Structure formats: C-alpha cells, structure tokens
Ligand SMILES: [Zn+2]
C-alpha cells in the first residue's frame, strides 16, 4: 500500500467522465456506486450530504441514490485539521432505449433469397439481430439468406429454423437464388496424434451446428440442407476415442449425426472446412481432442495456458486507490505458473509483461500452444446500478458445456484460496470462454472496486494463497481422468 502524504486530496475514480466532467452519462437507475480515495485517510467524507466510510488506506466505496434534482454527485471531505475539499460531478441521464423491431423493409430484401458466403473466421450467428450467439459458422460456409433486417441476414437452417448473421461476416452472391440438396454418402474416422478427425465430404459447405452432450459423452452434429445416402462409414482400427457414429434423417433436409465417445469427458473439438477451389466440394472436418494420458503426478506433462487479463494500454477495472486490474492479474498468473510447474505442468502465459494483447490473439495463442486447459485471470467490477455491498467476492465463468466441470472444480478451490464471499458460477459468452478446443474458463478472483478486496489484491500473500489453491484444483481436475 503506498504511503499517502501530501496535501488534502479527493480522487474520484468512478463515475468518470469520458472527456470532460459534463460528459458523465448515467443509466436510469435508482442508486449507483461511486468509489475513489481521499487524503489524508483520516478525513471524513460525505457524498450527497450522507456520511460515507473511509478505509484505513483512504479508499471509499458508496452506493448512493442518484440525485436527479441536482443532476450531480456532490463530494465533501473534511481533514482532521479542518481543511475542506468539495467536488461536484454533474451527470446526464441516458435516453430511454428505443425498441428495435426486425423490420424487413431494407432494399436488400428485393435481392433475396440468395446465397451468402461466410468470409471471416470468428463469425457468429444469432437467435435474432442483436440477440444471443447460437452458432459459429467457420469461414467458407455457404448459406441461403431469405431476408435482411437490422444489419443482419436471416439464414435458413431447417424447417422453421433460422439464424441471423451480421452483414460484416458475409458476402452476398445473388447469382444463386437457392441451395441444392446436399447428399452425404460417406464419412471416415481418422486417429491422429492429439485428435481424432471425423471427415464428412459434401458437395457444398452448408451450415451446421454442433451440440455437446458431455453428460453422455456425445457430440451431435446437425447438417442443414443435407440428406443421407450413408451406407458406409469408415472407422479407424487404431482409434480408441470414437465408439459409434449414428445418423438420423431428422427432417427432410436435416441430417443429424451422433458421435458417441469412449470417454466420460469431452476434452475439446474444432470443426472447419477444407474446400476444393475448383470443384467447390467441401470436407467438413471435426477434430475431437483425445483425452490426455494422466500419470501418477496428474499435472505432469499437461499443457496449461494462463491468460492474465488486460495489460499495456488496457488497464481493465480500476480500484478506489487506482490499482489497475492488469497488475494483480499478471502477478497471480506468474505465481500460478510456478505452482503448476512445480507439479510438472507445461505452462504458457498469453502475456508475461505489461503489454497489450488482443482478445483473439489470446485465444489463438492457447489453440496454437495446444492448451489442455485455458484459464483467463481477472478481477471484477460492477455495472451502474448494482450494489457493491451485496455483489462482491470470487466468481467463475464458463460458456461451453465441456468447460463446466473445470469451472465447478476450480470454483471450490478459488473460494478456498481467496476466502472471499462466493460470487457464484456464471454462464457467459466471453471471448476467452468461447473456444471449443479445450476446457476454457474465466476466473474473477475478487472485486477490485471493493476497498477490502483491492487491498488484498496488493498483497502477495493473498495472491500466493489463491495461486496455490488453484494449482491444487487443476491437479484434482486432471486426476479425475485417471
Ligand atoms: Zn478484467
């Protein structure tokens, strides 16, 4: 903790104006939080006339009613010597959100139906424009768009089933007004070093969806616009992962494949297209990660990627005494790396200095290093209107079903390590939780905006306890594969 001397001061970290102080935009909430620090720490502080606790290091955190009469936050500090500091932060209320319908009157609709081609990696389709992600069609996918609204094409999947995809991910090809029925006549299983590949040749790279069923050790693939002519499937005699492939013509134009695995866990997978540029024929390859062979020391040889959140020009959340999240994220990662290496793991960090790394590059790093587990390390903050005295502590996030076991296991060990309030388990579509190639989770050790927790994040003993406990948790997780 820095020694705080010098003249009386009031540092309001949040709310923060983007450019000038007149720029603070508040959502329409009854109450919200404000935090920062005062100097000297023995000063008293009132916000909007109400006394507020000041921590021993000068930090403060308050949950105050939004004063919509004066439209400002008013701060008053009085030092023990009687010096007063006043500050007023005016704010504006955000305008009411206008509801957007999915009106299909855009002129593009006159050119539809037509084909679209997915031209980018990382494309996502949604349940409705601006709504939840449902699938992640790889580059090369060809789909039939039947309408356009709110910047998104609506693509046809099966009878009555659609998905929406943002215009920026696709190119429109109006020379084709339909998609022919695609028949599937063969497929093959091929064992490789770390993966088992399922190869499905198709005359066109049509939309597909993969659903995980880890509870029964099964992956389900839906091919939209496909009809089965399957009378042969080639298993690989040396493969030990794929137990059985079953198919079902679920609807006229929906072929469903069920891949039953010889494994009680799904360790990750990746689907991609190989398209022959002259014939347009495509092979859908689904790589399924083979379970790791666990030795007597469960972490020996396991490849683990740790991702210290933010860094460089991206500080992340900032605490009341201006501790930037990127710092404890990296400190914890470095300590956890040591603990894991002591147990025999091979550990890589997405950044090992205070450098700027983009989200996609972090995910690519984990994939390229063939991570068998990906942990993104963060510290939390709240959105306007949430009460920081109710919501704080340690939490864990996951997105893919096969990552849930890792999330639940490490949540127990995280709570044991931090000793903080249980902030719970969350399903959330976060970039670092989204990869399918390995179990991937995001850990929020503490709430950096909470003065008690910010203090702990400056304390190496706290980080060291947390790192040791997470290392034990990873050992437990891999040990259960034996
Ligand atoms: Zn963060």
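Taken over the range 302-317, the criterion of being more than 16 Å from the ligand (Cβ to nearest atom) and crowded, with 21+ Cβ neighbours inside 10 Å is satisfied by 302, 304, 305. Among strands (runs of 3 or more DSSP E) entirely within the range 318-402, having at least 2 residues that are surrounded by fewer than 22 Cβ atoms within 10 Å (Cβ to Cβ) and in contact with a strand residue (DSSP E or B) (Cβ under 6 Å, 6 or more places away or on another chain) singles out 346-349. Regarding residue 201, is this residue closer than 29 Å to residue 367 by Cα and either touching a residue at least 60 places away in the same chain (Cβ under 8 Å) or touching a helix residue (DSSP H, G or I) at 6+ places or on another chain (Cβ under 6 Å) (or both)? The answer is yes for residue 201.
Against the numbered list (1) at pLDDT below 90; (2) more than 18 Å from residue 146 (Cβ to Cβ), residue 58 comes up short only at (1).
Counting the residues of the range 255-285 that are out of contact with any strand residue (DSSP E or B) (no Cβ under 6 Å at 6 or more places or on another chain), touching a residue at least 24 places away in the same chain (Cβ under 8 Å) and more than 22 Å from residue 194 (Cβ to Cβ) gives 2.
Would you say residue 315 is at negative phi, modelled with pLDDT under 95, outside the structural domain of residue 158 (by TED's automatic domain parsing) and touching a helix residue (DSSP H, G or I) at 6+ places or on another chain (Cβ under 7 Å)?
Numbers: at negative phi: yes; modelled with pLDDT under 95: no; outside the structural domain of residue 158 (by TED's automatic domain parsing): yes; touching a helix residue (DSSP H, G or I) at 6+ places or on another chain (Cβ under 7 Å): yes.
No.
The rows are residues; the columns are (1) within 15 Å of the ligand (Cβ to nearest atom); (2) under 29 Å from residue 449 (Cα atoms).
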{"residue": "323", "(1), (2)": "yes, yes"}
{"residue": "336", "(1), (2)": "no, yes"}
{"residue": "347", "(1), (2)": "no, no"}
{"residue": "365", "(1), (2)": "no, no"}
{"residue": "371", "(1), (2)": "no, no"}
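Might you check whether a residue that is more than 16 Å from the ligand (Cβ to nearest atom), touching a residue at least 40 places away in the same chain (Cβ under 8 Å) and not in a helix (DSSP H, G or I) occurs anywhere in the range 448-463? Scanning the range 448-463 turns up at least one residue that is more than 16 Å from the ligand (Cβ to nearest atom), touching a residue at least 40 places away in the same chain (Cβ under 8 Å) and not in a helix (DSSP H, G or I).
The values are calculated or read from the model by the stated rules, or taken from the named source; none is laboratory data. Given the structure is predicted, the values throughout are model-derived calculations rather than measurements. FYI the Cβ positions are ideal-geometry reconstructions off the backbone, even for glycines, and counts take in every protein chain you see.
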